[in-house]
Each structure stands twice: as structure tokens, then as C-alpha cells.
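The values are calculated or read from the model by the stated rules, or taken from the named source; none is laboratory data. Only a predicted model underlies this, so the values are computations on that prediction, with no experimental measurement involved. Note that each Cβ is placed from the backbone with ideal geometry, even for glycine, and that neighbours are counted across all protein chains shown.
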Amino acid sequence: MDVSSFYKVLKDQFPFEPTNQQDIALHQLSDFILDKKIKTVLFY
């Protein structure tokens, strides 16, 4: 799954229309969760 797809899943599951700040946070969360470099640092 790529970042855009994951972001769409998060946004679709959000219980209401996110504000601009919440939308930015969802984008950042998607980037963070799917970042392979961070996964390497956190899990190895």
C-alpha cells in the first residue's frame, strides 16, 4: 500500500470531515507509518 492509498483509508474512516490541520496530520501520519527508513530504525 502506498502513502496516498493509506491516507485515503484514514480519511474515509475519519468520523467527520477533517479540518485543514487534521488533514495535514493525516498526511503526516500516513508518511510516518509507511516510511521504510523509520520502520528500519524502530524495528531493527
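Scanning the range 1-30 for residues that are among the acidic types (Asp, Glu) and loosely packed, with under 13 Cβ neighbours inside 10 Å turns up Asp2, Asp12, Glu17.
Report whether or not Phe32 is among the aromatic types (Phe, Trp, Tyr) and at pLDDT 90 or above. Answer is no for this residue. Applying a threshold of 7 Å to beta carbon distances and a minimum spacing of six or more residues, or different chains, the list of pairs starting in the range 1-27 at a residue that is without any contact (Cβ under 8 Å) to a residue 12 or more places away in the chain and ending at one that is hydrophobic (A, V, I, L, M, F, W, C) and in a helix (DSSP H, G or I) reads Pro18/Leu26.
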